[in-house]
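This report refers to the structure that appears directly beneath it.
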Amino acid sequence: MTDWSPRTKAVHSGTRRSQYGEMAEALFLTQGFIYDSPEQAEARFIETGPDEFIYARYGNPTVRMFEERIAALEGTEDAFATASGMAAVNGALCGLLKAGDHVVSSRALFGSCLYILEEVLTRYGVKVTFVDGTDLQQWRDAIRADTKAVFLETVANPTLEVIDLKAVADIAHAQDAIVIVDNVFATPVFANAVADGADVVIYSATKHIDGQGRCLGGVICGTKDFIRKVAEPYLKHTGGSLSPFNAWVMLKGLETVHLRCGAQADAALKIAQAVEHHSNLAQTLYPHLPSHPQHQVATRQMRKGGTVIALDIAAGKEAAFRFLNALNIVSISNNLGDSKSLVTHPATTTHQRLTEDQRDALGITDGLVRLSVGLEDADDLVADIVQALDMI
Ligand SMILES: *Cc1c(COP(=O)(O)O)cnc(C)c1O
């Protein structure tokens, strides 16, 4: 099983069959599990075997299938599935850290990740230093002997900055710091975060793993020790576990994740190339375009450039709104990784909470729009986006 290629793992790993020999993964929609005797219940609370369950907040056979499948795909010993991507980020950080610990994080983060690091952890006495993730000297200066962990998004939302994971992991490991990455934009399909030095890899399964806009979910992938001794105790007692129904949706999503993300990334590259020199754009950001500031790191670290493009509309907010209003196929929505193409204006939505100075520092201009490329025909998408750019 370990020498299966990723696509085979995404279809078969972790499958558990009941006595009925069902073909598709069973949905165990149950909160609890019945014991044959009080002696069995007592023994199970002392030590829970691999095929034993106690309560769905602690684990469930359908959830376990999803955890084992994504762990196999990611190349980690184990995984813990969570109610959302944010429950995973919160669970990994709060499960690990205590007052007085030091964390170094890249500054360009998804808004809710920034909230956890800036507002939640610091409220409980964790010290957090933020750095420009693309500047390795800043990581070297910030990571100290007492740094417990580093946190970063391998590809930042929404500016698509790519961080050199291998280089940051080497700096962190020299000080015995744990490397925790939010790998949503790189997806489990295009990156090998563990091979590049990540100790813990987090996904919002809401995005590409479901990939069809239905369920919230998340997952923490790591060593057996991290998952069962750090993440699970915190999450099972604080209530961040994934529901069995959502786990079943995510399991089925993993079966097609390579095909979907591959097609979406191919279309994204085609769109980026088609619009790059449009006169109404100040900049087109896509990791696999040679003009991307971290193009070399991006091509080494990711097999494809991902499913998201950032377009900087030269004439600012009003022009960006005219572009959004002129799109026919692409819908205005702040999700990403969906089979439907979606577009959002970060400065007035996902990053509205930030001050103008903070947005400037992150490169979130008033003209920036984030385009999540879906599964529609690539030529139809190019035509729709070009006509909307022309309409500005
Ligand atoms: C969406 C997202 C999250 C949060 O995931 P939810 O499932 O919405 O909780 C975290 N990090 C990144 C980079 C994301 O894009």
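The values are calculated or read from the model by the stated rules, or taken from the named source; none is laboratory data. Everything quoted here is computed from the prediction, not taken from an experiment. Backbone-built Cβ (ideal geometry, glycine too); neighbour counts: all protein chains shown. SASA here: full protein model, heavy atoms, side chains in, ligands and nucleic acids out. Shrake-Rupley method; radii C 1.70, N 1.55, O 1.52, S 1.80 Å.
Does region 55-80 hold any residues that are farther than 21 Å from F226 by Cβ and touching a Lys or Arg at 6+ places or on another chain (Cβ under 7 Å), and which are they?
Hit for region 55-80 is P61, nothing else.
Any residue at all in region 250-269 that is open to solvent by 60 Å² or more (accessible area, probe 1.4 Å) and either in a loop (DSSP other than H, G, I, E, B) or farther than 23 Å from F66 by Cβ (or both)?
There is at least one residue in region 250-269 that is open to solvent by 60 Å² or more (accessible area, probe 1.4 Å) and either in a loop (DSSP other than H, G, I, E, B) or farther than 23 Å from F66 by Cβ (or both).
Considering only region 81-169, give the helices (runs of 4 or more DSSP H) lying wholly within it that have at least 1 residues that are outside the structural domain of G306 (by TED's automatic domain parsing), within 16 Å of the ligand (Cβ to nearest atom) and open to solvent by 20 Å² or more (accessible area, probe 1.4 Å).
Ranges flagged: 85-96, 111-115.
Using beta carbons and a limit of 8 Å, which pairs, at least six apart or on different chains, have the first residue in region 205-218 and in contact (Cβ under 8 Å) with a residue 24 or more places away in the chain and in the same structural domain as N246 (by TED's automatic domain parsing) and the second one among the acidic types (D, E) and within 10 Å of the ligand (Cβ to nearest atom)?
Between residues of region 205-218 that are in contact (Cβ under 8 Å) with a residue 24 or more places away in the chain and in the same structural domain as N246 (by TED's automatic domain parsing) and residues that are among the acidic types (D, E) and within 10 Å of the ligand (Cβ to nearest atom), the close pairs are G217/D210.
Can you work out which of the residues in region 170-192 that are under 18 Å from V219 (Cα atoms) and without any contact (Cβ under 8 Å) to a residue 40 or more places away in the chain is nearest to the ligand (Cβ to nearest atom)?
N183
Taking the criterion of being modelled with pLDDT under 95 and within 16 Å of the ligand (Cβ to nearest atom), would at least one residue in region 56-76 satisfy it?
no
I'd like the residue in region 26-62 that is in contact (Cβ under 8 Å) with a residue 40 or more places away in the chain and part of a helix (DSSP H, G or I) and, out of all such residues, is surrounded by the fewest Cβ atoms within 10 Å (Cβ to Cβ).
The residue in question is P61.
Can you name the residue in region 204-244 that is among the basic types (K, R) and not in a helix (DSSP H, G or I) and, of all such residues, is nearest to the ligand (Cβ to nearest atom)?
Checked region 204-244; the qualifying residue nearest to the ligand (Cβ to nearest atom) is K207.
Quick check on V200: is it assigned by TED's automatic domain parsing to the domain that holds T223 and surrounded by 23 or more Cβ atoms within 10 Å (Cβ to Cβ)?
Taking the combined requirement at face value, the residue satisfies it.
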